[in-house]
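See structure below.
The values are calculated or read from the model by the stated rules, or taken from the named source; none is laboratory data. What you are looking at is a predicted structure, and each value in this text was computed from that prediction instead of being measured. Quick reminder, even Gly has a Cβ in these numbers, built from the backbone with ideal geometry, and neighbours come from all protein chains shown.
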Amino acid sequence: MLTMLNLAQWQRWQWVAALASLLVVTLSPLAWIQWQQFKLLKDVSTNQVDSIMWQAYQLERELSRLDSKLHVAMSKPEQIDPYDLNERYEVFLSRIDLLTQIPRRDLIDNTTAYADAIGSIEAFVVRADPLFADPAGLIQDRESLAAMESSVETLLPQVAELTREANRAVARFVDERNAQLQQQSVLVITLAGVQSVVLLVFVVVLVRHIRRQQKQYAQLQHLSRELSDARDQAEAANHGKSVFLANMSHEIRTPFQGLLGMLNLLDEPNLTPQQRDYLQTARDSALHLLGVLNDILDVSTMESGTLKLSESPINLRDVVQEVESLMRVAANNKGLELQVNAASDLPTWVMADATRLRQIMFNLINNAIKFTAKGSVIAEMSCAVNGPPGVVLTVRDTGMGMDRETVNNLFTRFFQADNSVRRRMGGTGLGLEISRNLARMMGGGIQVSSEPGVGSVFTVTLQLQTTTAPTTETLVPVNTGTTRRLKVLVAEDHAINQKYMGILLKKMGHAAVFCENGAEALECLAQQAFDVVLLDYHMPVLDGLATTEAIRQLDGPAATMPVILVTADVLNETRQRAQVMGVNEFVSKPLQTNDLQRALQRCGLLDEPSALVTANPALPVPSPIQSETVDVPVRCPEPTESETPAMDDMDVIDREAYADIVSMLTTETLAEMLDSLLAPPQGTLHALVRALETGDRSNIRFIAHNLKGAAMLMGFKAIAQTAATVEHGVQETQDPVPTALVAQLLVDLQSTQKALRQVGAPVSA
């Protein structure tokens, strides 16, 4: 029957109970037997059974010695020492006590030999004690001495019988103990056999169970593979749909932005009312379709898991006011009363994604206005009373309301509660789903209560942590003031970046000395003094961090010189490592005038910026520092010259970055930089193509890094992205660089040259 048990349905406590019961049944008898053996051994050890025989023998032996002394005293009294005779008697008496007080006396206590011998001995002791009290007198008293000798000779047979009886008692005890041990051994063997049988039965049950489990597991694996294939197919279909929707949304939204721009340009004051009506209808239709595309894009982004919140300190009251001002026009057009309030206990600053928070508020308030024909829409944001810290947004309307079924399906994608109303009002049915997903990403959710004909109440809970007001920096123009002229050491390994930074520093009124790596920078510092060091993060020989560490170990004032790290990789981890090494400030590539100006000011190197100052009430303005103005040649080691920028298509170039470069360069310098970057055969891009074809990984990484930095500086987005891909592939993996990247570089080159020709840039063929 045990084998018929369905062990697969057993729970953990049942297994524990079964195993515990099995252990109790099998081990309890063994434990009892071991306890009995322990007690038996302890009894033998404690009571010393074999000492009974020994004490009886000792008693007999000492009585025999006493008899010998008495015999000598009778035959040769002059040779006996009275004290020796008395000692023999005292030893005999001590043996009596040892025998009668032994722990296992019970083995012979009830025997006739023991009773007779002890009785005779006690009678002898009564008669002998007075006589042996005066051993010298006893030796002289021949009659008493003879009586004692006669009594001892009478006792000797009885004591001998007592010794034999003690031997027999010990033998009986040993036989009984051996019999007990044999019985216990038989019982142990029997129990071991029973345990073996029980264990065998249990093993058989377990094996059958394991085989059944293996069979079920194989079936489950087969089913799991089928489910996994079905899931992969569903996910692939869903992913394909999401990718399609995202791509189509992007592709359609781009021309719609142009359409809206053209419609705005057509909005002239001299339009006729009919033309203005046509224009407004076209604009409303375009905006509606663009909103639909935005909703589809948000949903597809959420499905793909790529939507991330960008949290920063925001002023909640400002957000509430912005939403109210935007929604009030729509409410006024329908003749509705709109109230958007911020509770008095609402925290001023919280950490949140302001764009997504506005999106939630827009969706809910816009829906309330859309489905409310008359009455009011009231939205209030307040602190969460119960639960985690956060805020609660409540939106109430006096609209048409919803029944229970509609509320239950409200957050279903593309759900249409009333198709006729939806057609009149518009909408995709995606706004509420997007809002709920955003609320969940913010640690909350949305609850709805509604009644047909009465209205609806939407309650949004968001876990937003309170924070302090951010320390913002604003740039304020300054028309007058003096600027300290700095002597700057620039460590930059790419010629185009050197040329650009030289022009930038010259325009700012500073003198620059250039070197190509950290080792050369250390040599320059050993030769002359500088006010500040600008280090590129990625350089050959010694990079920016290693150079900073070496500078901090120099002797003299150079060890405390301000160090500014220039890099496109300024992440939190990089910043932390750089600060540990001793970097003072960071500026990102491509380097901009305002960024460098702020970094120099934070290092305390400027009296006042010549064109811009950083106005931040939370930060003290550094005090003026006087130093001698020095004009220096442009280089320590002579740098090579390099590359140029590009423009036109937004996917190929960054117009703003390229315009900044063009504004600072002469036509000859711009052409020289473009040739250094793009012209064959020595241009940096063509050098990277050759390195990719030869497979030299170290050279590929070095050239790709230089090309990426120069392209970012010039605003060549396509080239910079491909160069970054090449650099990452060589730096992070050991896989061969895909040959397709060579073709991609050449395509990027053609696209960039085409964009440059469109703006009249001096590009070589």
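Kindly list the number of the only condition in (1) outside any loop (DSSP other than H, G, I, E, B); (2) at pLDDT below 50; (3) within 29 Å of residue 527 (Cβ to Cβ) that fails for residue 613.
Every condition holds for residue 613 apart from (3).
Does region 561-569 contain at least one residue that is surrounded by fewer than 18 Cβ atoms within 10 Å (Cβ to Cβ), at pLDDT 85 or above, farther than 19 Å from residue 497 by Cβ and more than 30 Å from the chain's Cα centre (by Cα)?
no
Output the residue which, of all residues in region 171-188 that are over 17 Å from residue 35 (Cα atoms) and charged (D, E, K, R), is nearest to the chain's Cα centre (by Cα).
The qualifying residue nearest to the chain's Cα centre (by Cα) is 176.
Residue under question is residue 722, and the condition is that it be more than 38 Å from the chain's Cα centre (by Cα) and either crowded, with 22+ Cβ neighbours inside 10 Å or at pLDDT 80 or above (or both); does it hold?
no
Only residues that are at pLDDT below 70, of a type outside the set (Ser, Thr, Tyr) and surrounded by 10 or more Cβ atoms within 10 Å (Cβ to Cβ): list them for region 1-14, please.
Of everything in region 1-14, those that are at pLDDT below 70, of a type outside the set (Ser, Thr, Tyr) and surrounded by 10 or more Cβ atoms within 10 Å (Cβ to Cβ) turn out to be 2, 5, 7, 10.
Return the only residue of 678, 692 being at pLDDT 80 or above and in contact with a strand residue (DSSP E or B) (Cβ under 9 Å, 6 or more places away or on another chain).
The conditions single out 678.
Only one of 151, 144 is assigned by TED's automatic domain parsing to the domain that holds residue 113, within 18 Å of residue 117 (Cβ to Cβ) and over 60 Å from the mean Cα position of the chain (by Cα). Can you tell me which?
From the options 151, 144, the qualifying one is 151.
Is at least one residue of region 399-409 among the basic types (Lys, Arg) and modelled with pLDDT under 85?
Yes, the conditions are met somewhere in region 399-409.
If you go through region 653-686, how many residues are closer than 12 Å to residue 496 by Cα and assigned to a helix (DSSP H, G or I)?
Qualifying residue count, region 653-686: 12.
Can you tell me which residue is surrounded by the most Cβ atoms within 10 Å (Cβ to Cβ) among those in region 687-716 that are part of a helix (DSSP H, G or I) and out of contact with any helix residue (DSSP H, G or I) (no Cβ under 8 Å at 6 or more places or on another chain)?
Result: 702.
Condition first: in contact with a strand residue (DSSP E or B) (Cβ under 9 Å, 6 or more places away or on another chain), assigned to a helix (DSSP H, G or I) and without any contact (Cβ under 8 Å) to a residue 60 or more places away in the chain. Now tell me which residues in region 312-324 satisfy that.
Answer for region 312-324, where residues must be in contact with a strand residue (DSSP E or B) (Cβ under 9 Å, 6 or more places away or on another chain), assigned to a helix (DSSP H, G or I) and without any contact (Cβ under 8 Å) to a residue 60 or more places away in the chain: 317, 319, 321, 323, 324.
Give 170, 159, 207, 174 a once-over and let me know the one that is of a type in the set (Val, Ile, Thr), at pLDDT 85 or above and under 30 Å from residue 63 (Cα atoms).
159
Can you confirm whether region 286-302 contains a residue that is surrounded by 13 or more Cβ atoms within 10 Å (Cβ to Cβ), over 27 Å from residue 441 (Cβ atoms) and modelled with pLDDT of 75 or more?
No, region 286-302 has no match at all.
Within the set of pairs 6+ apart or on separate chains, which have a first residue in region 215-229 that is in contact (Cβ under 8 Å) with a residue 12 or more places away in the chain, a second that is surrounded by fewer than 10 Cβ atoms within 10 Å (Cβ to Cβ) and assigned to a helix (DSSP H, G or I), and C-beta atoms under 8 Å apart?
So the pair list comes out as 216/8.
Within region 731-750, which residues are of a type in the set (Val, Ile, Thr) and either in contact with a Phe, Trp or Tyr (Cβ under 9 Å, 6 or more places away or on another chain) or within 24 Å of residue 680 (Cα to Cα) (or both)?
737, 739, 742, 747
Looking at (1) among the aliphatic types (A, V, I, L, M); (2) closer than 13 Å to residue 492 by Cα; (3) in contact with a strand residue (DSSP E or B) (Cβ under 9 Å, 6 or more places away or on another chain), find the lone condition where residue 551 falls short.
Result: residue 551 passes all but (2).
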